[in-house]
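The values are calculated or read from the model by the stated rules, or taken from the named source; none is laboratory data. Computed from a predicted structure; not experimentally measured. So basically every Cβ, Gly included, is an ideal-geometry build from the backbone, and we count neighbours across all protein chains shown. These area figures cover heavy atoms from the full protein model, side chains too; ligands, DNA and RNA do not enter into them. Shrake-Rupley method; radii C 1.70, N 1.55, O 1.52, S 1.80 Å.
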Amino acid sequence: MTTTALPDPLAGRAAVWAAPMAGGPTTSELVVAAARAGHVAQLAAGYRSAEAMVDEIAAVRAAGVEVFGVNLFVPNVHPIAPDDYAAYARSLAGDAERLGVAVDAPVTEDDDAWGEKISALAVDPVPLVSFTFGLPDAADIARLRAAGALTAQTVTSRDEARAAEAAGIDLLVVQGAAAGGHSGVWAAGARPAERPLPALVAEIAVDAPLPIVAAGGVASASDVAAALAAGAQAVAVGTALLRATESGTSPTHRAALVDPRFRETALTRAFTGRYARALVNHFVAAHDAVAPIGYPAIHHLTRPLRAAASAAGDAERLHLWAGRGWRAAREAPVGEILASLIP
């Protein structure tokens, strides 16, 4: 089991971190509040332009916060056949008509402004840059490290952890299958292994010389203690913060988290073409079985529908990202929530 400590400036911070949640929930206010309470927090740069990322970094620094991170989506396109794309678009017609939108966007496969974001972070580095969805080129990792940033890689298996170590990564974010939102698994169409988070951490910690941050389905101080005992140096939580005072979670999503009609979560490709854990609603039930592999093309296809559902307060057609511990999410300041999770 690894006993490698977290490097400075992460060392000495509280053992519970605020995980980055793209698409709105993670705000600069949440990062600032978590950092002021002694926790590591990261801005979520996925789905944002490089300019928007830079503006959020500036807002965090303007609040006097020095120790924080930025999370990036690694370009790991899962190509989709045009016929599969068109067939899935047709299957969404009824939901789109109900919401008054069109789902006729052409196949779009982008890199989430990867090059621009790497360049911006190399010129003006932050203490920590983390990656999900795949492993960056070693040259990009080295560029950020040379600029003074620590690098962290989301991994879901021992093989991914070994590849991250070989590429020069500084820390591992070991994500279990119970995590809400997108799984960080690298291979197209692959589901994360259904294993308890402590077991996954222990397996990776056996021969990983890198510090480990555990994540996925953490809902209580006992969950944190179990991950730390298995070999993690810190634990990151996301779903637990969805109802935090400072989060940008939409009102529709917030309400769904306490709505008794939602009784379970599932890993589904229905919203974005890659597996993500969400509350099971009408959209998941109707489309999961036929949803193709195809990220980010399916994400772009369904985005107008999801935006309309959020605006209309239609929780049955919205991507209600949630980990298996979603019942424990509560309304409170982020600092209070994080403090309650420390064993």
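Okay, here's what the table says:
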| quantity | calculated |
| --- | --- |
| Pairs where the first residue, in the range 293-315, is without any contact (Cβ under 8 Å) to a residue 60 or more places away in the chain and the second is open to solvent by 10 Å² or more (accessible area, probe 1.4 Å), C-beta under 6 Å, 6+ apart | Arg306/His319 |
| The range 1-33, residues that are more than 30 Å from Val206 (Cβ to Cβ), of a type in the set (S, T, N, Q), open to solvent by 10 Å² or more (accessible area, probe 1.4 Å) and assigned to a loop (DSSP other than H, G, I, E, B) | Thr27 |
| Residues of the range 122-149 satisfying the condition of being of a type outside the set (D, E, K, R), open to solvent by 20 Å² or more (accessible area, probe 1.4 Å) and part of a loop (DSSP other than H, G, I, E, B) | Pro125, Pro127, Leu135, Ala147, Gly148 |
| Flag if Ala167 is out of contact with any Lys or Arg (no Cβ under 6 Å at 6 or more places or on another chain) and open to solvent by less than 10 Å² (accessible area, probe 1.4 Å) | no |
| So Ala152, is it outside any strand (DSSP E or B), within 29 Å of Ala230 (Cβ to Cβ) and either open to solvent by less than 20 Å² (accessible area, probe 1.4 Å) or in contact with a Ser or Thr (Cβ under 6 Å, 6 or more places away or on another chain) (or both) | no |
| Qualifying residue in the range 175-191 (condition: open to solvent by 30 Å² or more (accessible area, probe 1.4 Å), under 21 Å from Val224 (Cβ atoms) and of a type in the set (Lys, Arg)) | no |
| Members of the range 122-180 that are of a type outside the set (A, V, I, L, M), in contact with a Gly (Cβ under 8 Å, 6 or more places away or on another chain) and farther than 25 Å from Gly325 by Cα | Pro125, Pro127, Arg145, Thr151 |
| Residues located in the range 209-228, provided they are open to solvent by less than 20 Å² (accessible area, probe 1.4 Å), within 18 Å of Pro192 (Cβ to Cβ) and part of a helix (DSSP H, G or I) | Ala227 |
| Of the criteria (1) on the phi > 0 side of the Ramachandran plot; (2) modelled with pLDDT of 95 or more; (3) not acidic (Asp, Glu), which one Gly189 fails | (2) |
| Helices (runs of 4 or more DSSP H) completely within the range 34-119 that count 3 or more residues being open to solvent by 30 Å² or more (accessible area, probe 1.4 Å) and over 24 Å from Ala291 (Cβ atoms) | 50-62 |
